[in-house]
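Values in this text are rule-based calculations from the coordinates and carry no lab data. None of the values given here were measured: they were computed from a predicted structure. Every residue, glycine as well, gets a Cβ built from its backbone with ideal geometry; the counts of neighbours run over all protein chains shown.
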Amino acid sequence: MSVMIEQGAIFSTVRLGGDIGICAAVELRGVLIEAISSGLDIKVEFAGVTALDITTLQLLWAADRAADRAGTKLLQSGPIPAAVEAAMDLARIERLTVSSR
């Protein structure tokens, strides 16, 4: 499991890797709050994700809404791995709530 944030001048980048599930929820929530609090648009990178659960999808959905209320955007950065696609299928989510840019 890997949850990291990199604050840039234009974006906050949240990088996810490995098995992101309930055990990562507290850490992911803190990173997303930090990113939203920066006031910058947020890029979420999924490239290294090998597994993802509904808790993670719920946190991303909530972060997307919180970013919108804060006047920022939550953006997908890069391709979506098969593990993420599988989690969305199981949750019956047609696509991620974050925009691809």
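Could you work out [θ]222 nm for the chain from helices alone, using -39500 (n - 2.57) per DSSP H run of at least four and dividing by all its residues? Round to the nearest 500 deg cm²/dmol.
Rounded to the nearest 500, it is -12000 deg cm²/dmol.
Using label points projected 7 Å from each Cα along Cα→Cβ, tell me how many nm separate ASP19 and MET1, to one decimal.
1.0 nm
For the charge dipole of region 2-100, defined by +1 on Lys and Arg C-beta atoms and -1 on Asp and Glu C-beta atoms about the Cα centroid, which residue among GLY39, ALA82, PHE11 has the Cα displaced farthest towards the positive pole?
GLY39
May I ask you to compute the full-extension gain from ASP68 to THR55, defined as 0.36 nm times their residue separation minus their alpha-carbon distance, rounded to one decimal in nm?
2.7 nm
Just to be sure I understand the model, the point goes 7 Å from the Cα along the line to the Cβ. What's the resulting GLU27 to ALA82 distance in nm?
2.5 nm
Neighbour counts of other C-beta atoms within 10 Å: give me LEU60, LEU90, LEU28 arranged from fewest to most.
Sorted ascending by nearby Cβ count, the order is LEU90, LEU28, LEU60.
Within 10 Å of each residue's Cβ, count the other Cβ atoms and sort PHE11, PHE46 from fewest upward.
Ordered by Cβ neighbours within 10 Å, fewest first: PHE11, PHE46.
Once the piece of chain linking ILE10 and SER37 is laid out straight, how much longer is it, given 0.36 nm per residue of separation minus the C-alpha distance between them?
8.4 nm
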